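Participant: Encoded as structure tokens, here's the structure I'll be asking about.
Read the figures in this text as sums done on the coordinates, not as results from a lab. Just so it is clear, the model here is predicted, and its values are computed rather than measured. Cβ placement follows ideal geometry from the backbone for every residue including glycine, while neighbour counts extend to all protein chains displayed.
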Amino acid sequence: MQLLLLTKVPLYEENFEHQLKQLGNEVYCSSTIVTMLKKNSFDKSFLTQFEGIIFSETLYDVEAYEIIKQIPQGTIKFFRRATEGTNDTEGSTPFDAWIPLNADLERLREILLLAELSSIANKDAAHAQQITVKQKLSDLNLKLKQKEIVYYLIQAGERTVPREEISREIWEKAPTKSVLASLSKVVSKVNEKLGYEFGDEAIQTVWGQGYRLNKKFFDYLDTGHFEDQRTLIR
């Protein structure tokens, strides 16, 4: 696994870091990232390259919790080094696994292996879900830009997405009047194609905030068909 070890005292972690590397893991140990995350002055996209983040016992629980709140949620596993017995409260914490301070090499191997297997299973499930969603989008026979916008809104879930954000992500340009006008045209075309199935907008406009998908669209993704089973307009 690619692991990030967050600590206040890197020198203190030398033996533990050596154990992790003995087991074939790539380890990046840092105290600087801890400081920058606390100040909210760190590019968090850097963290996505890691499969797991280990919080050293040199960090207080409250510090670890505050850092976790800033980390993009995804497939990253969170580990906490602590004394034996701390994991009695495991169910009430954000950590995926606890690493006892006195864990030997075999115990450490077991903890990381279980986490890695769980991560692989989650990635496979997420990948399968992405393929299913894209297949269903293909069934709608939307054009490329229309699919890209719909897929971006699917990933946003129930969140209302600002028009400027969609413009930057889909056109990879600053949200100029011209780009925003193109976005409006694409959204109108999607609603024109799919409006018959929904009875109202597939992409809903929340004035002053942006766009979000009609809940019925998520029902379609879950069931594979619209409730009324009518033929899609091409």
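Participant: Can you tally the net charge around residue 170? Count Lys and Arg as +1, Asp and Glu as -1, for every other residue whose Cβ sits under 15 Å from the Cβ of residue 170.
Facilitator: +3
Participant: Same structure again: What does the stretch 140-223 give for Rg and for Dmax, in Å, if only its C-alpha atoms count?
Facilitator: When restricted to Cα atoms, the stretch 140-223 yields Rg and Dmax of 12.0, 38 Å.
Participant: Note the full-extension length gain between residue 143 and residue 43 as 0.36 nm times their separation in residues minus their Cα-Cα distance, in nm to one decimal.
Facilitator: 32.6 nm
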